[in-house]
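The values are calculated or read from the model by the stated rules, or taken from the named source; none is laboratory data. This structure is a prediction, so every number in the text was calculated from the model and none was measured. Positions of Cβ are backbone-derived with ideal geometry, glycine not excepted, and every protein chain shown enters the neighbour counts.
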Amino acid sequence: MQWTRYLKFGIPIVVGIAGTALLLNGVKPPEKSASSSELKAVKYLVVQPKEVFSEMSISGTIEASDKWSAVAQVKGEIYRSNDSIVEGLWVNAGDVILKIDPLDYELAISQISAELSGIEYELSLLTAEAENTQRILDLEQRQLTYAKADLDRIQKLYASGSATRKQLDDIQRATLTSEKIVTDINNGLLLVEPRKQKLLAQKQALSISLERAHRDLARTDIIAPYPLRISKLLVEDYQAVNVGQPLIEGIGVKSADVTAQVNIEKFRDLIGLNAPPSTLNNEFVTQTLNKLVSAEV
């Protein structure tokens, strides 16, 4: 009875499994697409973002921002520092371009220096003289003190009858002589200070003259104040020049000024404004150029 029930349900299951297996065996695998084997290699570029600026070409005039001209500050015979100094030459800051004959100014310095040395010597002599005179004054004042003491003693003796008139007269003359000597020495000492002040004034005047002579000597070298190109030589070698005479002209090399006319419509397109042209006045254009436009000259 049980076997009959198992056969009733098991046979259909077995038959279903067998049928499914036969169907799976009969299914073909998917065919490969013919296009997959024909793929081709391609080249490619990696594009990086880059900021793009608007440009506009305009014409104008260019001038050096720094213009230099030299004039003679001292007089004398002038010549070039070397034969390579010609118009168009580029020179560096501190280069000596022209020279004025320095001999007169060197001689002036030597003469003034010698006079200063003489003043210094006179001041030292005056100091020594004052010290020596003071020592003599001290001695003479002591001598005067003794003379006055003797005079007082002789006067008392003369009054008592113990000294003669001649003794009194002699001591009086000695005392007066001593007083005169002290007075003369004091007068001499009083003159020391004015003499000293005069010498000091002469020394100061000579010191000023010496400083001026050194300054004039330095001005005999015509030196480039900054890097520049010589545009004009206005003197010739061994020409005598006077104070204030133009000598040379040059232009700087660091920067230049460009004068150009900018069309408002083109400028408006350059900076990408949608505003009407009436808003682009000169002040606005100048401010915008200063902020946005850089020129390479």
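Miscellaneous remarks
- For first residues located in region 191-216 and of a type in the set (Ser, Thr, Tyr), partners that are part of a helix (DSSP H, G or I) and lie 6+ apart or on another chain with Cβ distances below 6 Å form the pairs Ser209/Ile112.
- Boolean, Arg135 is in a helix (DSSP H, G or I) and more than 59 Å from the chain's Cα centre (by Cα): no
- Glu122 meets each of the listed conditions (1) under 30 Å from Arg219 (Cβ atoms); (2) not assigned by TED's automatic domain parsing to the domain that holds Pro246 apart from (1).
- Among the residues making up region 203-228, those that are crowded, with 16+ Cβ neighbours inside 10 Å and more than 22 Å from Asp104 (Cα to Cα) are Ala224, Pro227, Leu228.
- The numbered conditions (1) under 30 Å from Leu228 (Cα atoms); (2) modelled with pLDDT of 90 or more; (3) not in a loop (DSSP other than H, G, I, E, B); (4) not polar (S, T, N, Q) are all true for Glu63 except (2).
- Yes/no for Asp237 being of a type outside the set (A, V, I, L, M, F, W, C) and in a strand (DSSP E or B): no
- When the test is whether a residue is in contact (Cβ under 8 Å) with a residue 40 or more places away in the chain and surrounded by 12 or more Cβ atoms within 10 Å (Cβ to Cβ), Leu157 does not pass it.
- Residues that are surrounded by 14 or more Cβ atoms within 10 Å (Cβ to Cβ) and either part of a helix (DSSP H, G or I) or of a type in the set (Gly, Ala, Ser) (or both) are absent from region 88-101 altogether.
- Taken over region 66-87, the criterion of being surrounded by 16 or more Cβ atoms within 10 Å (Cβ to Cβ), part of a loop (DSSP other than H, G, I, E, B) and in contact with a Leu (Cβ under 8 Å, 6 or more places away or on another chain) is satisfied by Asp66, Ala72, Ile85.
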